[in-house]
Amino acid sequence: MKPVIAVDGPTASGKGTLARRLAAELGFAYLDTGGLYRATALRLIRSGSDGEDVTAAVAAAGGITATDLKDPGLREEATGNMASKVAALQPVRDALFAFQQAFAADPPGDAPGAVLDGRDIGTVVCPKATAKLFITATTAARGARRHAELLARGEDIALETVLEDLRARDHRDSHRAAAPLKPAADADLLDTTELDIEAAFFAARKLVTARLARQA
Ligand code: C5P
(Lines give C-alpha, C1' and ligand atoms only; values in the text may rest on other atoms or scores of the structure.)
Protein backbone atom coordinates (compact mmCIF):
# COMPACT_ATOMS: atom_id res chain seq x y z
CA MET A 1 0.00 0.00 0.00
CA LYS A 2 1.38 3.39 -1.02
CA PRO A 3 1.04 6.18 1.56
CA VAL A 4 -2.07 8.35 1.40
CA ILE A 5 -2.41 11.78 2.97
CA ALA A 6 -5.93 13.02 3.71
CA VAL A 7 -6.39 16.78 4.07
CA ASP A 8 -9.86 17.82 5.21
CA GLY A 9 -11.37 21.06 6.44
CA PRO A 10 -13.95 23.75 5.80
CA THR A 11 -14.07 26.23 2.91
CA ALA A 12 -11.10 28.62 2.70
CA SER A 13 -9.23 26.97 5.57
CA GLY A 14 -6.13 26.78 3.35
CA LYS A 15 -6.38 23.01 2.90
CA GLY A 16 -6.13 23.14 -0.92
CA THR A 17 -2.93 25.18 -0.95
CA LEU A 18 -1.38 23.01 1.77
CA ALA A 19 -2.40 19.74 0.09
CA ARG A 20 -1.02 20.86 -3.28
CA ARG A 21 2.31 21.90 -1.74
CA LEU A 22 2.62 18.70 0.27
CA ALA A 23 2.02 16.67 -2.89
CA ALA A 24 4.60 18.70 -4.85
CA GLU A 25 7.20 18.36 -2.11
CA LEU A 26 6.71 14.60 -1.70
CA GLY A 27 6.27 13.88 -5.42
CA PHE A 28 2.81 12.43 -4.66
CA ALA A 29 -0.22 12.62 -6.96
CA TYR A 30 -2.78 15.25 -5.90
CA LEU A 31 -6.57 15.15 -6.12
CA ASP A 32 -8.78 18.13 -5.25
CA THR A 33 -11.99 16.19 -4.52
CA GLY A 34 -13.97 19.44 -4.15
CA GLY A 35 -13.33 19.88 -7.88
CA LEU A 36 -15.43 16.77 -8.55
CA TYR A 37 -18.41 18.23 -6.65
CA ARG A 38 -17.82 21.61 -8.30
CA ALA A 39 -17.70 20.02 -11.77
CA THR A 40 -20.99 18.25 -11.02
CA ALA A 41 -22.49 21.57 -9.90
CA LEU A 42 -21.22 23.45 -12.95
CA ARG A 43 -22.77 20.91 -15.31
CA LEU A 44 -26.09 21.37 -13.48
CA ILE A 45 -25.90 25.17 -13.48
CA ARG A 46 -25.17 25.22 -17.21
CA SER A 47 -28.04 22.86 -17.96
CA GLY A 48 -30.41 25.07 -15.97
CA SER A 49 -31.01 22.52 -13.20
CA ASP A 50 -31.62 23.74 -9.64
CA GLY A 51 -29.70 20.88 -8.01
CA GLU A 52 -32.83 19.33 -6.49
CA ASP A 53 -33.18 16.71 -9.23
CA VAL A 54 -31.19 13.72 -7.92
CA THR A 55 -31.26 11.84 -11.24
CA ALA A 56 -29.87 14.84 -13.12
CA ALA A 57 -27.22 15.35 -10.41
CA VAL A 58 -26.07 11.73 -10.55
CA ALA A 59 -25.92 11.91 -14.37
CA ALA A 60 -23.85 15.11 -14.11
CA ALA A 61 -21.44 13.45 -11.65
CA GLY A 62 -21.09 10.43 -13.93
CA GLY A 63 -20.38 12.64 -16.95
CA ILE A 64 -17.38 14.51 -15.55
CA THR A 65 -14.35 14.57 -17.88
CA ALA A 66 -10.76 15.78 -17.43
CA THR A 67 -11.73 18.94 -19.35
CA ASP A 68 -14.50 19.71 -16.82
CA LEU A 69 -11.89 19.70 -14.06
CA LYS A 70 -9.94 22.52 -15.75
CA ASP A 71 -12.96 24.81 -16.32
CA PRO A 72 -12.36 28.30 -14.86
CA GLY A 73 -16.07 28.36 -13.89
CA LEU A 74 -15.31 25.80 -11.17
CA ARG A 75 -13.85 28.49 -8.90
CA GLU A 76 -16.83 30.84 -9.06
CA GLU A 77 -18.74 31.46 -5.83
CA ALA A 78 -22.05 30.26 -7.34
CA THR A 79 -20.43 26.96 -8.33
CA GLY A 80 -19.12 26.41 -4.79
CA ASN A 81 -22.54 27.07 -3.32
CA MET A 82 -24.26 24.67 -5.72
CA ALA A 83 -21.48 22.11 -5.05
CA SER A 84 -22.25 22.11 -1.34
CA LYS A 85 -25.94 21.48 -2.16
CA VAL A 86 -25.35 18.53 -4.50
CA ALA A 87 -22.68 17.16 -2.13
CA ALA A 88 -25.43 16.55 0.42
CA LEU A 89 -27.04 13.99 -1.93
CA GLN A 90 -25.80 10.50 -1.06
CA PRO A 91 -26.28 9.14 -4.64
CA VAL A 92 -23.98 11.91 -5.92
CA ARG A 93 -21.36 11.00 -3.30
CA ASP A 94 -21.70 7.34 -4.28
CA ALA A 95 -21.19 8.23 -7.95
CA LEU A 96 -17.89 10.01 -7.13
CA PHE A 97 -16.62 7.53 -4.54
CA ALA A 98 -14.97 4.87 -6.76
CA PHE A 99 -12.90 7.43 -8.67
CA GLN A 100 -11.51 8.92 -5.44
CA GLN A 101 -10.71 5.53 -3.92
CA ALA A 102 -9.02 4.30 -7.09
CA PHE A 103 -6.91 7.48 -7.20
CA ALA A 104 -5.72 6.85 -3.64
CA ALA A 105 -5.11 3.12 -4.12
CA ASP A 106 -3.27 3.48 -7.42
CA PRO A 107 -1.98 7.06 -7.77
CA PRO A 108 -1.69 8.15 -11.42
CA GLY A 109 1.72 8.48 -13.07
CA ASP A 110 3.00 5.68 -10.84
CA ALA A 111 3.49 8.33 -8.10
CA PRO A 112 4.82 6.94 -4.78
CA GLY A 113 1.75 8.14 -2.88
CA ALA A 114 -1.34 10.35 -3.04
CA VAL A 115 -2.66 13.49 -1.36
CA LEU A 116 -6.43 14.01 -1.45
CA ASP A 117 -8.16 17.07 -0.06
CA GLY A 118 -11.84 17.46 0.72
CA ARG A 119 -14.35 17.09 3.56
CA ASP A 120 -14.60 13.34 4.13
CA ILE A 121 -11.26 11.93 2.99
CA GLY A 122 -10.06 10.89 6.44
CA THR A 123 -13.49 9.70 7.58
CA VAL A 124 -15.07 8.02 4.52
CA VAL A 125 -12.94 7.90 1.35
CA CYS A 126 -9.60 6.87 2.91
CA PRO A 127 -10.26 5.92 6.55
CA LYS A 128 -6.91 4.07 6.60
CA ALA A 129 -4.88 7.03 5.30
CA THR A 130 -1.29 7.19 6.57
CA ALA A 131 -1.66 10.82 7.65
CA LYS A 132 -4.83 12.83 8.24
CA LEU A 133 -4.79 16.58 8.61
CA PHE A 134 -7.89 18.55 9.60
CA ILE A 135 -7.31 22.21 8.75
CA THR A 136 -9.36 24.91 10.46
CA ALA A 137 -9.40 28.71 10.84
CA THR A 138 -11.95 31.12 12.28
CA THR A 139 -14.88 32.17 10.09
CA ALA A 140 -13.54 35.75 10.03
CA ALA A 141 -10.10 34.65 8.82
CA ARG A 142 -11.54 32.32 6.18
CA GLY A 143 -14.00 34.98 5.00
CA ALA A 144 -11.25 37.57 4.60
CA ARG A 145 -9.10 35.10 2.62
CA ARG A 146 -11.93 34.05 0.33
CA HIS A 147 -12.96 37.69 -0.20
CA ALA A 148 -9.41 38.70 -1.21
CA GLU A 149 -9.23 35.69 -3.54
CA LEU A 150 -12.53 36.60 -5.26
CA LEU A 151 -11.57 40.28 -5.64
CA ALA A 152 -8.22 39.27 -7.15
CA ARG A 153 -10.13 37.16 -9.63
CA GLY A 154 -12.29 40.14 -10.59
CA GLU A 155 -15.50 39.00 -8.83
CA ASP A 156 -17.13 42.11 -7.36
CA ILE A 157 -18.59 40.86 -4.08
CA ALA A 158 -19.05 42.34 -0.58
CA LEU A 159 -17.23 40.80 2.40
CA GLU A 160 -20.55 40.40 4.21
CA THR A 161 -21.95 38.34 1.31
CA VAL A 162 -18.85 36.12 1.35
CA LEU A 163 -19.26 35.59 5.11
CA GLU A 164 -22.94 34.72 4.73
CA ASP A 165 -22.16 32.20 1.97
CA LEU A 166 -19.37 30.74 4.09
CA ARG A 167 -21.61 30.27 7.13
CA ALA A 168 -24.34 28.69 5.00
CA ARG A 169 -21.85 26.30 3.42
CA ASP A 170 -20.24 25.42 6.76
CA HIS A 171 -23.69 24.66 8.13
CA ARG A 172 -24.72 22.53 5.14
CA ASP A 173 -21.37 20.66 5.03
CA SER A 174 -21.32 19.96 8.78
CA HIS A 175 -24.99 19.11 9.34
CA ARG A 176 -25.81 16.93 6.34
CA ALA A 177 -26.53 13.24 6.95
CA ALA A 178 -24.21 12.09 4.13
CA ALA A 179 -20.51 12.22 5.12
CA PRO A 180 -20.67 15.42 7.18
CA LEU A 181 -17.56 17.54 7.60
CA LYS A 182 -15.83 16.46 10.82
CA PRO A 183 -12.32 15.51 11.85
CA ALA A 184 -11.49 11.80 11.88
CA ALA A 185 -10.82 10.56 15.41
CA ASP A 186 -7.15 10.03 14.50
CA ALA A 187 -6.66 13.30 12.57
CA ASP A 188 -4.02 15.91 13.44
CA LEU A 189 -5.74 19.28 13.84
CA LEU A 190 -4.08 22.40 12.43
CA ASP A 191 -5.56 25.87 13.05
CA THR A 192 -4.21 28.29 10.42
CA THR A 193 -5.94 31.44 11.74
CA GLU A 194 -2.71 33.05 12.93
CA LEU A 195 -0.40 31.42 10.38
CA ASP A 196 0.73 32.72 7.03
CA ILE A 197 1.04 30.19 4.23
CA GLU A 198 4.72 29.44 4.92
CA ALA A 199 4.13 28.83 8.63
CA ALA A 200 1.04 26.70 7.90
CA PHE A 201 2.98 24.63 5.36
CA PHE A 202 5.87 24.14 7.79
CA ALA A 203 3.45 22.92 10.49
CA ALA A 204 1.58 20.63 8.08
CA ARG A 205 4.79 19.12 6.74
CA LYS A 206 6.02 18.39 10.27
CA LEU A 207 2.79 16.56 11.16
CA VAL A 208 2.78 14.56 7.92
CA THR A 209 6.49 13.66 8.13
CA ALA A 210 5.96 12.27 11.64
CA ARG A 211 3.06 10.08 10.43
CA LEU A 212 4.98 8.87 7.36
CA ALA A 213 7.95 7.95 9.56
CA ARG A 214 5.68 5.99 11.87
CA GLN A 215 4.37 3.93 8.94
CA ALA A 216 7.82 3.26 7.42
O1 C5P B 1 -13.37 22.25 -1.24
P2 C5P B 1 -14.36 22.96 -2.15
O3 C5P B 1 -14.80 24.29 -1.64
O4 C5P B 1 -13.87 23.03 -3.55
O5 C5P B 1 -15.63 22.00 -2.17
C6 C5P B 1 -16.86 22.42 -2.72
C7 C5P B 1 -18.00 21.69 -2.00
O8 C5P B 1 -17.92 20.30 -2.31
C9 C5P B 1 -17.92 21.77 -0.48
O10 C5P B 1 -18.65 22.87 0.05
C11 C5P B 1 -18.51 20.45 -0.03
O12 C5P B 1 -19.91 20.56 0.16
C13 C5P B 1 -18.28 19.52 -1.18
N14 C5P B 1 -17.26 18.52 -0.91
C15 C5P B 1 -17.63 17.38 -0.23
N16 C5P B 1 -16.74 16.37 -0.03
C17 C5P B 1 -15.48 16.48 -0.47
C18 C5P B 1 -15.06 17.66 -1.15
C19 C5P B 1 -15.98 18.67 -1.34
O20 C5P B 1 -18.77 17.27 0.21
N21 C5P B 1 -14.63 15.47 -0.28
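The values are calculated or read from the model by the stated rules, or taken from the named source; none is laboratory data. Here the structure is a predicted model, which means the values were calculated and not measured. Neighbour counts run over all protein chains shown; Cβ positions are idealised from the backbone, glycine included. These accessible areas exclude ligands, DNA and RNA; they are computed on the full protein's heavy atoms, side chains included. Shrake-Rupley method; radii C 1.70, N 1.55, O 1.52, S 1.80 Å.
I want the local charge near L159. Using Cβ-Cβ distances under 13 Å, sum +1 for each Lys or Arg and -1 for each Asp or Glu among the other residues.
Combined, the nearby Lys, Arg, Asp and Glu give -3.
Size of the dipole of the stretch 4-215 about the Cα centre, Lys and Arg at +1 and Asp and Glu at -1 on the beta carbon, nothing else charged, in debye to 20?
The dipole magnitude comes to about 460 debye.
May I ask for the net charge around R21, where only other residues with Cβ less than 14 Å from the Cβ of R21 are counted and Lys, Arg are +1 while Asp, Glu are -1?
Neighbourhood net charge equals -1.
For the stretch 74-192, treating each Cα as an identical point scatterer without solvent, what Debye log10 I(q)/I(0) comes out at q = 0.14 1/Å?
-0.71
Which length gain, in nm to one decimal place, applies between A177 and L159 when the Cα-Cα distance is subtracted from 0.36 nm times their residue separation?
Result: 3.5 nm gained on full extension.
From the residues G48, P10, V125, which one has its Cα farthest along the dipole of the chain in the positive direction, the dipole being from +1 and -1 charges on Cβ of Lys/Arg and Asp/Glu about the Cα centre?
My answer, from the dipole projection, is V125.
Tell me what the chain gives for mean residue ellipticity at 222 nm when only DSSP H runs of n ≥ 4 count, each as -39,500 (n - 2.57), the sum divided by the residue total, rounded to 500 deg cm²/dmol.
-16500 deg cm²/dmol
Determine the share of the chain's accessible area contributed by carbon and sulfur atoms, expressed in whole percent, with a 1.4 angstrom probe.
58
Under a crude label model (7 Å from the Cα following the beta-carbon direction), how far is R167 from A152 in nanometres?
So the label points at R167 and A152 sit 2.6 nm apart.
Please give the peptides 76-83, 187-194 ranked by average Cβ packing (other Cβ atoms within 10 Å per residue), highest first, as a rough proxy for protection.
My ranking of the peptides, most packed first, is 76-83, 187-194.
Per-residue HN-Hα couplings for the stretch 3-15, Karplus 6.51 cos²θ - 1.76 cosθ + 1.60 at θ = phi - 60°, whole Hz, x for Gly and Pro?
x, 10, 10, 9, 10, 10, x, x, 3, 6, 7, x, 5
If you take the square roots of the eigenvalues of the alpha-carbon gyration tensor of the stretch 163-216 and sort them as a ≥ b ≥ c, do you get rounded (a/c under 1.5), prolate (a/b over b/c) or oblate?
oblate
Scaled to the compact-protein estimate 2.2 N^0.38 Å, what is the alpha-carbon radius of gyration of the stretch 57-100, rounded to two decimal places?
Output field value: 1.14.
Lys/Arg Cβ at +1, Asp/Glu Cβ at -1, dipole of the stretch 140-216 taken about the Cα centre: which of A140, A204, I157 is farthest positive-ward?
Going by the charge dipole, the pick is A204.
At 1.4 Å probe radius, can you tell me the per residue accessible area of the chain in Å²?
Heavy-atom accessible area per residue stands at 47 Å².
Report the label-to-label distance for A24 and A66 in nanometres (one decimal), using points 7 Å from each Cα along the Cα→Cβ vector.
That separation, rounded to one decimal, is 2.1 nm.
Would you list, by chain and number, the lysines whose Cα falls below 27 Å from the Cα of K2, excluding same-chain residues fewer than 8 positions away?
Leaving aside lysines fewer than 8 places away in the same chain, those within reach of K2 are K15, K70, K128, K132, K182, K206.
Please report, largest first and rounded to whole Å, the three semi-axes of the ellipsoid equivalent to the stretch 4-215, where each semi-axis is the square root of five times an eigenvalue of the C-alpha gyration tensor.
Listed largest to smallest, the semi-axes of the stretch 4-215 are 25, 21, 15 Å.
Rounded to the nearest 0.05, what FRET efficiency do E198 and A144 give with R0 = 22 Å and r taken as the Cβ-Cβ distance? Could you check?
So the FRET efficiency works out to roughly 0.75.
Taking the Cβ of A199 as the center, what net charge do the other residues with Cβ under 14 Å away carry, scoring Lys and Arg +1 and Asp and Glu -1?
Net charge around A199: -1.
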